[in-house]
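Visitor: Once you've had a glance at the structure underneath, I'll fire off some questions.
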Amino acid sequence: MNSTMDAPAILAVDPDRPLRLSEQDGNRLAALEGKFQLVRDFTAGVALRYNTGFFLHGPGGCGKSHTVIGELRRLKVSHRVYNSRMSGRGLFDALALAPDSVFVLEDMEQVVGDKPALGVLRSALWGQRPDGGRGPQERVVTWATHGKQEAVFFTGGLILIGNRPPGDLPELRAAKTRVASMQLHVSDDEVAALMRGVALEGFRDGDRELVPSECLEVAEYVIAESLALHRPLDMRVLLGSFQDYLQYQAGDAGCHWQDLASCRLKERATAFSVPPTSGSGIDRLQRDREIAREIAEATGDRQERFLLWKEKTGKSEPTLYRRLAEVGAGSFSDSHVASK
């Protein structure tokens, strides 16, 4: 992905104004959606038997697998996902178990690096048409060892996903002529817009939840830190950082969520933006509740309450609402809390 954008300022969220994408981000998201639609269409082509296969490659964390699997689920098509090492024999056995399913092979580099697997792929992706070339392809995949031959009449499809394009081996060139092949190229501008768009939907994990303003705070931090490190933006880092925020918010982490997210990006401990707390996360959670209670007793002005909370804890306004509700002091803004 291209790192062409300037590091943005951290988004200042006004709780009284609706959260929305900027026009510029909206245009970038529309451009990215067009690329995703191509992926969906090629996926549907395999699922609905217009095509036998599809090769898709592009950088990690840009939504390749999410888009492919999401489309297969939308179409309610029988499919199987494999994302670890697979030999030629393993692929043959998998096809034999479900010869009419769509197979999604993630990390295709290890599959296409196995010559027996390439032979299976070529046979599964192309066959002869009976009835003068007007009938459906008859794709027969065979495996012969020690005088024994096994055969699979494969009627399903194959979608291979990887970070790098297939190599230039003759066997691969032959396989690629049988199916559509696409590079999903996305810019950091487009992924940043996608991150903000995802953040605006909020985030839920079981009974844990982040509201859009909190998700945007995380997204802007991840965007700024990634660009400062000259690291491509990665949706997986964003989703992992949402979990970091949830853990910190629940009092189950001694480090600030920003330090957890920063470590995800740098893969090492660095200077802490907020000093780690001593004692248990439960102790810190109780201190936050006491701070929230004191603030509620000190002032009835919502903005003043938030400023005091931010100064004392560095945490978001929705977290203040949660702590006030937990100590039974949420009457000042029960309707506002409910709207969150």
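Visitor: List the lysines whose Cα sits under 23 Å from the Cα of K310, skipping any in the same chain fewer than 8 residues away.
Guide: Within reach: K340.
Visitor: Return the FRET efficiency for the residue pair K148, M182: r is the Cβ-Cβ distance, R0 is 25 Å, and the value is rounded to the nearest 0.05.
Guide: Numbers: r = 38 Å, r/R0 = 1.53.
With R0 = 25 Å, the Cβ-Cβ based efficiency is 0.05.
Visitor: Compute the length gained on full extension between L200 and R85: take 0.36 nm times their separation in residues and subtract their Cα-Cα distance, giving the result in nm to one decimal. All intermediate terms of the calculation are to be shown ahead of the outcome.
Guide: Working: separation 115, 0.36 × 115 = 41.40 nm, distance 3.67 nm.
Full-extension gain reported as 37.7 nm.
Visitor: Could you tell me how many cubic angstrom of Cα convex hull volume the stretch 191-238 has per residue? Numbers along the way, then the final one.
Guide: Details: hull volume 3.0 nm³, N = 48.
Per-residue hull volume (Cα only) is 62 Å³.
Visitor: In addition: Amide H of N51: which non-local residues (sequence gap of 5 or more, or other chain) have their own amide H closer than 5 Å, using H built in the peptide plane?
Guide: Hits under the 5 Å cutoff: V46.
Bear in mind these aren't lab numbers, they're just calculated from the coordinates by the rules spelled out. In this text, all values refer to a predicted model and were calculated from it rather than measured experimentally. Quick reminder, even Gly has a Cβ in these numbers, built from the backbone with ideal geometry, and neighbours come from all protein chains shown.
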